[in-house]
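The values are calculated or read from the model by the stated rules, or taken from the named source; none is laboratory data. In this text the structure is predicted, and so the values were computed from the model without any measurement. Because the Cβ atoms are built from the backbone with ideal geometry, glycine has one as well, and the counts that use them run over all protein chains shown.
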Amino acid sequence: MIEFEDVSKRYGERWAVQDLTLTVRPGRVTGFLGPNGSGKSTSMRMVVGLDAPTSGRVLVRGRRYAEHAAPLTEVGALLEARGAHPGRTARAHLLALAVTHGLGRRRVDEVLAEVGLTEVGGRRTGAFSLGMSQRLGIAAALLGDPAVLLLDEPVNGLDPDGVVWVRGLLRRLAAEGRTVFVSSHLMGELAATAEHVVVIGRGRLVADTSVAQLVDSVAPATVRVRTADPDRLRDLLARPGATLRTPAPDELVVEGLPAAEVGEVARRHGIGLRELVEERPSLEDAFLALTRDAVEFDAGPVTR
């Protein structure tokens, strides 16, 4: 578990994080979202003591990171893909970390195999692609078999196979009861991976909820129906809380009713349907709506 207790961080006159209180719980993948400059990276750095809060505190499993006797066995972090010395081999990089916690070569070989780098373990990391560096960073995060995983943009530079692999890895780690906190600008990927999401903007908490609830809070699902008798179906569905539109002669758009209920009403009254589709806003739609007023770097409208 990661706990932010009324945390603020200031650099000079600028507040990077303000009054942040949240709990990242074990057993699920929690996505961390925010526009550029929102304070995500600063928040993650404070978890592992790379930045100190100006006020408040951040606890990992009930203690500050520096208070853990063997921090690599408590928190595994990937905050910078190219964090290894370019002159060291992948295996040497992991061994240097391992000896600080009394971990042996066997564990280094295990994590190299888990991330698919066994074949290149003897190669200097300066020759690694971004995707290979990401895999090495994940190996380092897994090295101490920690209960908490903190990953900043872990799929950057990965090919589609690597993205799917990371998705499965994060889900498996969460299913094992670990705390998995992951940031990404790839909304579609987070929507497919995370169950819960934390959104910040200008250093302040904007949302702390499930992905489904976040999406539904911004815009409800819409049911689009194509039928030969849209007017009759519209009359049957009319009720308080339902919004009904007929944008085309054979089409009915329903808001406020689930697709299952629309389909059941049509079946019960013998109305044939050519199409029944539930359209939901995306996580990206919800994110943009929530953070519209919290964007620090706005390029403005595109001109042609």
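Could you tell me which numbered condition Val180 fails, if it satisfies all but one of (1) at pLDDT below 90; (2) outside any helix (DSSP H, G or I)?
If we test Val180 against (1) at pLDDT below 90; (2) outside any helix (DSSP H, G or I), just (1) comes out false.
Filter the stretch 179-195 down to the residues that are in contact with a strand residue (DSSP E or B) (Cβ under 6 Å, 6 or more places away or on another chain) and within 19 Å of Leu79 (Cβ to Cβ), then identify the one that is surrounded by the most Cβ atoms within 10 Å (Cβ to Cβ).
Val180
So, in the stretch 101-120, exactly how many residues are surrounded by fewer than 14 Cβ atoms within 10 Å (Cβ to Cβ) and within 20 Å of Ala69 (Cα to Cα)?
So the answer is 2.
Mind checking which residues of the stretch 1-42 are closer than 15 Å to Val206 by Cβ, hydroxyl-bearing (Ser, Thr, Tyr) and at pLDDT below 95?
Ser38
Take the stretch 1-29 and flag every residue that is among the aliphatic types (A, V, I, L, M) and in a loop (DSSP other than H, G, I, E, B).
Met1
Here are some conditions: (1) more than 19 Å from the chain's Cα centre (by Cα); (2) under 27 Å from Leu288 (Cα atoms). Ser55 meets all but one. Which one does it not meet?
Among (1) more than 19 Å from the chain's Cα centre (by Cα); (2) under 27 Å from Leu288 (Cα atoms), Ser55 violates only (2).
Looking only at the stretch 91-105, count how many residues are assigned to a helix (DSSP H, G or I) and either at pLDDT below 95 or of a type in the set (A, V, I, L, M) (or both).
Summing the residues that are assigned to a helix (DSSP H, G or I) and either at pLDDT below 95 or of a type in the set (A, V, I, L, M) (or both) in the stretch 91-105 gives 8.
List every residue pair whose Cβ atoms sit under 8 Å apart, with the two residues 6 or more apart in sequence or on different chains, where the first one lies in the stretch 284-301 and is modelled with pLDDT of 60 or more and the second, anywhere, is assigned to a loop (DSSP other than H, G, I, E, B).
Pairs found: Asp285/Ala219; Ala286/Ala219; Ala289/Ala219; Thr291/Gly34; Thr291/Pro35; Thr291/Ser38.
Sort out for me the helices (runs of 4 or more DSSP H) sitting completely within the stretch 183-262 that have 2 or more residues that are farther than 27 Å from Gly157 by Cα, out of contact with any Gly (no Cβ under 8 Å at 6 or more places or on another chain) and of a type in the set (A, V, I, L, M, F, W, C).
211-218, 230-237
Which residues, taken from the stretch 196-210, are crowded, with 18+ Cβ neighbours inside 10 Å and either among the basic types (Lys, Arg) or in the same structural domain as Val254 (by TED's automatic domain parsing) (or both)?
Arg202
Is there any pair with a first residue in the stretch 11-33 that is touching a residue at least 12 places away in the same chain (Cβ under 8 Å) and closer than 22 Å to Arg178 by Cα and a second that is among the acidic types (Asp, Glu) and assigned to a loop (DSSP other than H, G, I, E, B) whose Cβ atoms are under 8 Å apart and which are 6 or more apart or on different chains, and what are they?
Arg28/Glu195; Val29/Glu195; Thr30/Glu195
May I ask you to list the residues in the stretch 191-218 that are touching a helix residue (DSSP H, G or I) at 6+ places or on another chain (Cβ under 7 Å) and within 24 Å of Val277 (Cα to Cα)?
Matches in the stretch 191-218: Ala191, Ala192, Thr193, Glu195, Val211, Leu214, Val215, Val218.
For the stretch 246-267, enumerate the residues that are over 27 Å from Val211 (Cα atoms) and in contact with a helix residue (DSSP H, G or I) (Cβ under 9 Å, 6 or more places away or on another chain).
Passing the criteria: Thr246, Ala248, Pro249, Asp250, Glu251, Leu252, Val265, Ala266.
Only one of these conditions is not met by Ala113: (1) outside any helix (DSSP H, G or I); (2) within 23 Å of Val164 (Cα to Cα); (3) modelled with pLDDT of 95 or more. Which number is it?
Tallying (1) outside any helix (DSSP H, G or I); (2) within 23 Å of Val164 (Cα to Cα); (3) modelled with pLDDT of 95 or more, Ala113 fails exactly one: (1).
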